[in-house]
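Some notes on the structure that comes next.
FYI, it's all coordinate maths here, none of it is from the lab. Source: prediction; values computed, not measured. Using ideal geometry, Cβ is built from the backbone for each residue, glycine included, and neighbour counts are taken over all protein chains shown.
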Amino acid sequence: MEAQFNCQICTKTFSSTASLTNHKRIYHPELRDCNRFKNNEDNSYHCRYCEKTYKSCQSRRYHEQKCKSKTDTDIRIEHLTEKLEMKDQIISLQNKLLSKKTSENRTFKSVNKVLIGRSKEYMLNKSNNSNSLNTINSHNNITNNIQQICNIGYEDIMNILTREQKIQIMNSRMQALDKLIEITHCGENPQFKNVVITSLKDDFAYKYDSNKGYFITVKKDDLLDDIINFRTFNIEEIYEELKDGNKINSRTKETIQRFLDKCESDEPFEDPHGIKYPNFKTYKKDSIKILLYNHHEKITRDISQLIQSSSSESSS
């Protein structure tokens, strides 16, 4: 039986390789151009009429038979559509980045301005229609708008802190108050986002008022007194809970008791750097003031994110 040589492109049969070669040279000249359009990096073949690529020369050829019949207008429309789709994706990503950047760069005053605006909107709705269900819902959003943030002194310390956190606070001994405030007011729980100190120089600070739905300006010294009084009481609660359960050692118990006694003492106090204070509580007010100031940007970001979260929930 005579040997047959098939053309893999058009399936015609020839009696010799020479005939097959001549056939390809005459009827399939495009095969000679395959390598010219081949990407050597990924072994792909580029269409001569558009930007599409294929894994084999034959696949490219089949595509080109359809592609070359398209008008220049068709090709331009396809390219334009692809570019517009890509542009929309880029714009979407840019908007997400800008939104995140805006949230991170907001000052405390601008964040509080949003809360004040919400409160005024509620009061206006209330005066227009006090029986409206929307007004009631708006009121709930205003007074609880940042996920039930609490007035200072109303935080549920004992139930929110974990056993590990309580032990960590006790083991901080003379720095127990600082550690408690760092975990609560500077931590992640929204209940404690109620105190902001934006400056060490002036005499004012900000505390959250749940009745108003925003932060009010108060004397910094009075606010620090409140913080220390409330949080010192919490340290006593934690101490009473852990002292009889073998969760803290005897030395820690003695140090915590000494710390609590110093907080009640009016005797002059000198810090490790030789700076003298009228009493230990005054010394602690300075250290807590610095601690809260150093975290005020994080606290502001957290409040801003809580506002955005509550806005998303109310809109949905």
May I ask you to derive the FRET efficiency for ASP261 and LEU200 from their Cβ-Cβ distance with R0 = 25 Å, giving the value to the nearest 0.05?
0.30
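Which GluC sites (Glu not before Pro) in region 179-268 sit in a loop by DSSP (not H, G, I, E or B) and have at most 12 other Cβ atoms within 10 Å of their own Cβ? Present the calculation step by step, with values, prior to reporting the outcome.
On the way: sites: GLU182, GLU188, GLU236, GLU237, GLU240, GLU241, GLU254, GLU264; in loops: GLU188.
Answer in residue order: GLU188.
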Determine the alpha carbon to alpha carbon distance for each of LYS219/LYS284; LYS179/LYS262; LYS109/LYS193; LYS24/LYS55 and list only those over 24 Å.
none
Projected label distance in nm at LYS12 and GLU297, using a 7 Å step from Cα toward the beta-carbon
7.6 nm
Kindly provide the Kirkwood hydrodynamic radius of region 231-316 in Å, to one decimal, from all pairs of distinct alpha carbon atoms.
16.2 Å
Using the basic label-point model (7 angstrom from Cα toward the beta carbon), what is the ASP222 to HIS46 distance in nanometres?
7.5 nm
Cα-based Debye curve of region 108-315 sampled at q = 0.15, 0.16 Å⁻¹ gives log₁₀ I(q)/I(0) of -0.96, -1.05
